[in-house]
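What follows is a short report on a single structure.
Derivation of every value follows stated rules applied to the coordinates shown; laboratory data play no part. If you're wondering where the values come from, they're calculated on a predicted model, not measured in any experiment. Glycine gets a Cβ as well: all are built from the backbone with ideal geometry, and neighbour counts include every protein chain shown.
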Amino acid sequence: MAQLNEAIRNIPIPIRMRGLPISDQGFPLPWFTAIDEKGVPVPQAADPVKRLRAYRLNLCWCCGIPLGVHKAFVIGPMCCVNRATSEPPNHRECAEYAVRACPFLTRPRMKRNPTLEDKIAPPAGLMIERNPGVAAIWITRAYRPFRDHDGGVMFALGEPSEVFFYCEGRLATRAEVVESIDSGLPNLRKVAEREGKDAITLLEKFHARALQYLPEEDPSISKRRRGDRKQTSPPTGETK
């Protein structure tokens, strides 16, 4: 563990992720990490071949080990609105580690590396060039692939059994989630406006649907929506 960055040294690594290589900066390199032509890992870049392999073989996006029945997607708040993402699911504990230890997910001011598109193909779907500041863990049993307008592979998320929001490595407050959604919604609205009135109406419906999963007003209670039920503690333990 001496190799780990001091910022994450006290965060327990899930058993399935303990065999992953550590970057020069001291962070575990997820299974999806792309490798350049020289055999050097490209942090923050996802291998498109592994994206399809993860789906076809039911593999965790973070550790590369087969998943169980429940799938934990690490997504941004806007993906909670349109229920679509370009990244395959994870084990629950791998997803929890990601939202607590990944530099991009835990540092709201951190930006995506602008040089990555020269080394690896960008993900499918509408890419919002911002750090949303909040990450969600969307746990579901069902999802399916589909093609976006450019032919890229995306994943449609099924109805969630649980949704948890994180900010700066800890459970997010309702205000933080609302701010992130409100700041990102104009991007989706622009797309909807180009597609017409029906698309705008559908976006409004999706937005209202997503709001039911927001955290409770009092963050100290740590309640989160779980279908028509509520959970009184943060997610822990294994996902089967």
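Determine, from the Cβ-Cβ distance of Arg170 and Gln25 and an R0 of 25 Å, the FRET efficiency 1/(1 + (r/R0)^6), rounded to the nearest 0.05. Could you put the intermediate results ahead of the total?
Values: r = 21 Å, r/R0 = 0.86.
Rounded to the nearest 0.05, the efficiency is 0.70.
Which of Glu195, Glu6, Glu87 comes first, and how do the rest follow, when ranked by fewest Cβ neighbours within 10 Å?
Going from least to most buried by this count: Glu6, Glu195, Glu87.
Going highest first, how would you order 169-179, 150-160 by mean Cβ packing within 10 Å?
169-179, 150-160
Exposure proxy check: Asp24, Asp148, Asp36, Asp47 ranked by fewest other beta carbons within 10 Å?
The fewest-first ordering by Cβ neighbours comes to Asp24, Asp36, Asp148, Asp47.
Cut-off is 10 Å between beta-carbons; in what order do Glu168, Glu93, Glu162 appear when sorted fewest neighbours first?
Lowest to highest Cβ neighbour count: Glu168, Glu162, Glu93.
Using only Cα atoms, locate the centre of region 1-54 and the centre of region 128-186, then give the distance between them in Å, rounded to an integer.
22
Each residue of region 42-55 in turn: what ³J(HN,Hα) in whole Hz from Karplus with 6.51, -1.76, 1.60 and θ = phi - 60°, glycine and Pro shown as x?
Coupling constants for region 42-55: 10, x, 6, 9, 9, 6, x, 5, 5, 4, 6, 5, 4, 5 Hz.
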